[in-house]
Amino acid sequence: MITRRSILAALSAVAILSAGGVAHAQDKVYIPLISKGFQHQFWQAVKAGADKAATEFKVEVTFEGPDNETQVDKQIDMLSAALAKSPQAIGFAALDTQAATPLLKQAQDAKIPVIAFDSGVDSDIPLTTATTDNVAAAALAADKMAELIGGKGKVALVVHDQTSRTGIDRRDGFVNRMKEKHPDIEIVDIQYGGGDQLQSTEIAKAILAANSDLKGFFGANEGSAIGVVNAVRETGAKGVTVIGYDSGAAQKQAIKDGVMAGAITQNPVGIGYETVKAAVMAIKGEELPKTIDTGFFWYDKTNMDSPEISAVLYD
Amino acid sequence: MTMIVQSEVKKRTSSGVHQKLLAFASLIIMLVFFSLASSNFLQTSNIIGILQATSVNGVLAVGVTLVIITGGIDLSVGTLMTFTAVIAGVVLTYLGMPLLFGIVAAIGAGAFCGFISGTLVARMKVPPFIATLGMMLILKGTSLVISGTKPIYFNNTPGFSQISTGSLIGQVFPFLPIPNGVLILFVVATVVAFILNRTALGRYTFALGSNEEAARLSGVDTDFWKICVYSLSGGICGVAGLIIASRLNSAQPALGLGYELDAIAAVVIGGTSLAGGRGSILGTIIGAFIMSVLLNGLRIMSVAQEWQTIVTGLIIILAVYADMVRRQRT
């Protein structure tokens, strides 16, 4: 009886697996991309860019990333499984470079070219890095903020986290520019919401409650920015200039509605596309520049429908 | 009364054998399936990758198995693991003390936090779910505070990365470069299985889960033993903290949230009842391997990530359902 049921259970397991399974084409050039995230719209846009390049260059691309940017060990497991498939090249956005170093060395020894993307890999193993200059991008946000609030007043930040490279760069890029160029602007609070919309909303509401004279609010990634927008909407706060980061349908709508003044956008589709393109070039043995700047843009109500900007915004 | 408790334990452990067989059969079938599906699956480097991916979750799952057998739950194991890793980082990197102190401090800190959880649950009667949920958050925050919200690297302690990534087995048998982290998992599992099946602490662990009131009435100091179980589980989390920190060569202070659910899933797949009083370490180890083999196999087959998550969820439900059906009939 036990045996019959075990067989039954096992068979159903196999059935489920085969249903979800996809045969792996061995003859095509295979390039796995291990990213820092997956379900977030930003990463899906990177994936879309990678898929676009995959079709164009006729290569097979897979895209994986951990649930959130703290799961360093899970990312290492993904990289390990990707290497086991003996790919021709690999795209990687490290959560922690040191933790990944043994596996990257393994890739180097196996002569698998590594292309870094987004926040990149802090080592000399990757041939190139396709990335946004986050410090410069956040500094642009600070300049725009200063311009919009007239060069003085209280400003607060909601940032996604205080340990990741992008979190640190965007926070410091914004804060340092304020200190250097706009001394009359006071940064009253910096809080971290994990990029979670709800958590960021609560944080932003608390900051608004504590600072009734707040002039400006910067949300350092999509989730943080939407949190700030929600908080301004829910509390009905007046006279707060909100600046966001990245895009997504909710943020675009907030800019159209006038709740958000504008935002910085990276070029996620370009990041994914350039990563795969660089990988293909590396396989062919072509020269690559040290970094591939995929660019960033300021967008607001006036230019968001222009072809140049709308091409890099995602829903 | 003690005899009743003992015979009850015997009955319960023997009924667990079938569940282990079932789980083990599923594991074997999975291995065969993935080997056939992709030639990349059954190569040494990938098998080692699977073993390494299991070591942390496996050790955590062994620790939480003990607590679950008492009828409790421990939601703090993931962040406790991180906390002990940060403690090791403070002792080794910030204070520059020798390796042994770091190891003792991590395990000691784990046991101490387990002691606090145990005291909250046993003496202050806070429900385990709430007590350990609170501990989970306290430890997450404390890790961030102590570390200054930055990863602590172990570059000044050269031997540290060997704890998990070195291979003692590989030194003896060069064709079997099994990482030490995996060796530690099996040592921890063996020791805990011994404690559970051969010592007073083990007997009382089952007794607490099957009928705490009966155990108390028969003169067992249930509060004391419960605190012991939580402390032991905490110490085991300290071992997991050392393995993960060694593997990443750093203590990552923000990591750990969500890892408790992976550990609990491994325990449940392995046939341990969330109601308490029934369970085994062997089952938990098999459960942990089922989870990591499944995930690795799906990745090797290039299954899209959203589908990987769905399949993992289905397998967890299927495993527990199969166990329930079996138990209703016997």
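The values are calculated or read from the model by the stated rules, or taken from the named source; none is laboratory data. All values derive from a computational prediction rather than experimental measurement. Here the Cβ is made from the backbone with ideal geometry for all residues, glycine too, and neighbour counts use every protein chain on show.
Answer yes or no as to whether A:K105 is more than 27 Å from B:E306 (Cα to Cα) and either assigned to a loop (DSSP other than H, G, I, E, B) or in contact (Cβ under 8 Å) with a residue 24 or more places away in the chain (or both). Here the answer is no, as A:K105 does not meet what is asked. With the requirement that a residue be charged (D, E, K, R) and at the interface with chain B (Cβ under 8 Å from one of its Cβ atoms), what does the stretch A:70-81 give you? Of everything in the stretch A:70-81, those that are charged (D, E, K, R) and at the interface with chain B (Cβ under 8 Å from one of its Cβ atoms) turn out to be A:D73, A:D77.
Within the stretch A:218-259, the residues that satisfy the criterion of being at positive phi and either surrounded by 24 or more Cβ atoms within 10 Å (Cβ to Cβ) or in contact (Cβ under 8 Å) with a residue 24 or more places away in the chain (or both) are A:G239, A:D246, A:G248, A:G258. The number of residues in the stretch B:137-166 being within 16 Å of B:S246 (Cα to Cα), assigned to a helix (DSSP H, G or I) and free of Cβ contacts under 8 Å to residues at least 24 places away in the same chain comes to 1.
Residues are listed down the side, and each one gets a yes or a no for (1) assigned to a helix (DSSP H, G or I); (2) surrounded by 14 or more Cβ atoms within 10 Å (Cβ to Cβ); (3) at pLDDT 85 or above; (4) touching a helix residue (DSSP H, G or I) at 6+ places or on another chain (Cβ under 6 Å):
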position	(1), (2), (3), (4)
B:M3	yes, no, no, no
B:Q6	yes, no, no, no
B:V9	yes, yes, no, yes
B:V17	yes, yes, no, no
B:A23	yes, yes, no, yes
B:M30	yes, yes, yes, yes
B:L36	yes, no, yes, no
B:S39	no, no, yes, no
B:L42	no, yes, yes, yes
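Restricting attention to the stretch A:82-107 and to residues that are closer than 21 Å to B:T82 by Cβ and buried (at least 22 other Cβ atoms within 10 Å of the Cβ), the residue that is nearest to the other protein chains (Cβ to nearest Cβ) turns out to be A:A99.
The single condition among (1) without any contact (Cβ under 8 Å) to a residue 60 or more places away in the chain; (2) hydroxyl-bearing (S, T, Y); (3) not assigned by TED's automatic domain parsing to the domain that holds A:V59 that A:S86 does not satisfy is (3). Note on the stretch A:201-217: residues that are part of a helix (DSSP H, G or I) and either within 24 Å of the chain's Cα centre (by Cα) or at positive phi (or both) total 4. Filtering the stretch A:133-148 to residues that are of a type in the set (G, A, S) and surrounded by fewer than 17 Cβ atoms within 10 Å (Cβ to Cβ) leaves only A:A136.
Within the stretch A:88-107, which residues are in contact with an Asp or Glu (Cβ under 7 Å, 6 or more places away or on another chain) and more than 22 Å from B:A245 (Cβ to Cβ)? The one that is in contact with an Asp or Glu (Cβ under 7 Å, 6 or more places away or on another chain) and more than 22 Å from B:A245 (Cβ to Cβ): A:A93.
Restricting the search to strands (runs of 3 or more DSSP E) fully inside the stretch A:219-315 and requiring at least 3 residues that are in contact with a helix residue (DSSP H, G or I) (Cβ under 7 Å, 6 or more places away or on another chain) gives A:241-245, A:262-266, A:296-300.
In the stretch B:252-260 there is at least one residue matching the filter, namely being assigned to a helix (DSSP H, G or I) and either closer than 21 Å to B:F194 by Cβ or of a type outside the set (G, A, S) (or both). The set of residues in the stretch A:41-65 that are surrounded by fewer than 23 Cβ atoms within 10 Å (Cβ to Cβ) and assigned to a loop (DSSP other than H, G, I, E, B) comprises A:K58, A:V59.
Applying the condition of being more than 9 Å from chain A (Cβ to nearest Cβ) and hydrophobic (A, V, I, L, M, F, W, C) to the stretch B:35-46 and asking which residue is nearest to B:V303 (Cα to Cα) yields B:L36. Yes or no: B:L318 surrounded by fewer than 21 Cβ atoms within 10 Å (Cβ to Cβ), assigned to a helix (DSSP H, G or I) and at pLDDT below 90? Spelling it out, B:L318 is indeed surrounded by fewer than 21 Cβ atoms within 10 Å (Cβ to Cβ), assigned to a helix (DSSP H, G or I) and at pLDDT below 90.
For the stretch B:227-241, does any single residue satisfy the condition of being under 29 Å from B:G89 (Cβ atoms) and within 14 Å of chain A (Cβ to nearest Cβ)? Yes, the conditions are met somewhere in the stretch B:227-241.
Count of the stretch B:242-251 residues, restricted to those that are part of a helix (DSSP H, G or I) and either facing chain A (nearest Cβ under 7 Å) or at pLDDT below 90 (or both), is 3.
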